[in-house]
Amino acid sequence: MTTTTVDLIRHGEPEGGTLFRGWRDDPLSAQGWQQMRLAVADHTPWDLIISSPLARCAEFAAELSQRESIPINIEERLKEIGFRQWEGVSPDALYNESPDQLNDFWQNPVENPPPDGEPMVLFQSRVESAWQDIQIHHPNRHVLIVAHGGVNRLIIGKVLGIPLRYLFRMELPYAGIS
């Protein structure tokens, strides 16, 4: 029997504060870099780093890879869910504009996606495909996945059997390791 051990880390705080980012490619803020470096500190047992291609994940993953001589793979399927019309908008601004639409999304993102956003079932399919490939292609390894709140929630939900509609009810802080 083979075992793949996977740790998930959410990116740190991006530049620009709290916004719906999705596929928007904002880099980490100075605070975000500090959060990430503190989160991993001297704890680097990983054999491989797999990262989202977005800067807020990939730039830290590349730094950690170089510093610790750990191989890195960039995995396109680990991008955050695409929020489209909501990208770059703060939750507070959205709540002021469309409180019902935002509340509906938080309560059930499957039935209430963001306008023109990536449907949850497509996001789920994309991330679960990457998750399955990671487990198959990296047996007996300790892998660090550097990704996003939505991606990490989806993987945790898959492992724990949490229905997709409850995905965004999980709290995952910046630089949180699961």
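One table, with the values for the structure above:
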quantity: Environment charge at Ile177 (Cβ cut-off 12 Å; Lys +1, Arg +1, Asp -1, Glu -1); calculated: 0
quantity: Most fluctuating residue given options His138, His148, His11, as computed from a GNM of the chain linking Cα atoms under 10 Å; calculated: His138
quantity: Residues with amide H under 5 Å from that of Leu48, placed H, sequence gap 5 or more; calculated: His142, Leu144
quantity: Mean Cα-pair separation over length for region 9-147, i.e. relative contact order, pairs under 8 Å, 6 or more apart, %; calculated: 32 percent
quantity: Long-range amide H partners of Gly117 with built H, under 5 Å; calculated: Gln85
quantity: The chain, accessible surface, carbon-and-sulfur percent (1.4 angstrom probe); calculated: 48 percent
quantity: Phi to ³J(HN,Hα) by Karplus 6.51 cos²θ - 1.76 cosθ + 1.60 over region 82-91, Hz, x for Gly, Pro; calculated: x, 8, 6, 5, 8, 5, x, 9, 6, x
quantity: Antiparallel content of DSSP bridges confined to the chain, in %, to 5; calculated: 15 percent
quantity: GluC sites (Glu not before Pro) restricted to region 104-174 and DSSP loop, no more than 10 other C-beta within 10 Å; calculated: Glu111, Glu171
quantity: Accessible area per residue in Å² at 1.4 Å probe, computed on the chain; calculated: 48 Å²
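The values are calculated or read from the model by the stated rules, or taken from the named source; none is laboratory data. In this text the structure is predicted, and so the values were computed from the model without any measurement. A quick note on method: Cβ atoms are made from the backbone with ideal geometry, for glycine too, and the neighbour counts reach across all protein chains shown. Side chains included, ligands, DNA and RNA excluded: accessible areas come from the protein's heavy atoms. Shrake-Rupley method; radii C 1.70, N 1.55, O 1.52, S 1.80 Å.
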